[in-house]
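Worksheet: the structure to be examined is printed underneath.
The values are calculated or read from the model by the stated rules, or taken from the named source; none is laboratory data. A quick note: this is a predicted structure, and the numbers were derived from the prediction, not measured. Methodologically, a virtual Cβ is constructed for each residue, glycine included, from the backbone with ideal geometry; neighbour enumeration extends over all protein chains shown. Calculation scope for accessible area: heavy atoms of the full protein, side chains included, ligands and nucleic acids excluded. Shrake-Rupley method; radii C 1.70, N 1.55, O 1.52, S 1.80 Å.
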Amino acid sequence: MNHFDSANNISLQFGHRGKVAIFIDGNNLFHAARFHNIDIDYNKLLRVLLGDGRLFRAFFYTGVDAGAERQQGFLLWMRRNGFRVVQKELKTFYDGTRKANLDVEIAVDMLSLAGRYDTAVLVSGDEDFVYAVNSVAYKGCRVEVAGFRSNTAPKLIDVADCFIDLGEIAERVRKDFPHGLKYEERDIHISQQPPPPPHFVEPAEPLPCSAAPELAAPDVHAFHPPIGSIIETSVNEGMDQLSSGGDFVRVTDDQ
């Protein structure tokens, strides 16, 4: 049975989603969220995407700069808060850009684990995942795509069983800042990886998605740099900012 929740402007489908595996394309989400002027709270995001399901595993894929000490602290925080981090060192190209492509790693993990989970949630707007999503669906798994509609390829939305528009539920996944800080005053760091091209499409009626439980108030002092960001800072900007954060159950060992 479908139910439209006017408070959150999303369509909710009640039912058991079984074991849920979450695959987050860190660089893609970072640029899309920044485009929409939103800082993601990853504890909130994980809880919303999990909905009424049981967490099988949550993967976070990102390029890393070995010299970025604060980014290493962020990735440690992610590991301690329910995410299995898959990382690849940034490569410098002839034009000076630095990037790391993890599309293959995401697709391989989605396919190799299919059958061990019931529902896959892919957090990305990249059209390159269309074939992988179709392949997982053919194996009998439910596949949901989460992203910002204007930054998500229409073909990727079309092949998903459900599209979760993060723009419509921004207040449920947004990071809270104390003292009413303005966006430009926040700790914003720009990724050295080039942003993916936006996919501008006309808004459409959202597909039915699963209900998510009410969220507990987040710890606004937790250390949450933006997803996938490459952060330049002095060595003295220590790890004392790192918080064990949230009470979410850790599902994986530190790598």
### Message
Starting from the 7 Å offset along Cα-to-Cβ, what nm value, one decimal, do you get for the label separation of Asp95 and Leu76?
### Response
3.6 nm
### Summary
In whole percent, the Cα-Cα distances of the stretch 32-112 spread across 10 Å bins from 0 upward as 14, 39, 39, 7, 1
## Note on the structure
Using the Kirkwood formula on alpha carbons, the hydrodynamic radius of the stretch 52-180 in angstrom works out to 16.4 Å
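Kindly rank 120-129, 95-104 from highest to lowest mean number of other beta carbons found within 10 Å of each residue.
With the highest mean Cβ count within 10 Å placed first, the list reads 120-129, 95-104.
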### Message
So with the 1.4 Å probe, I'd like the accessible area per residue for the stretch 1-150, rounded to whole Å².
### Response
40 Å²
## Note on the structure
Expressed as a percent, the portion of alpha-carbon pairs in the stretch 87-127 spaced more than 14 Å apart is 61 percent
### Approximate spin-label separation Phe177-Glu105, in nm, with each point projected 7 Å along Cα-to-Cβ
2.9 nm
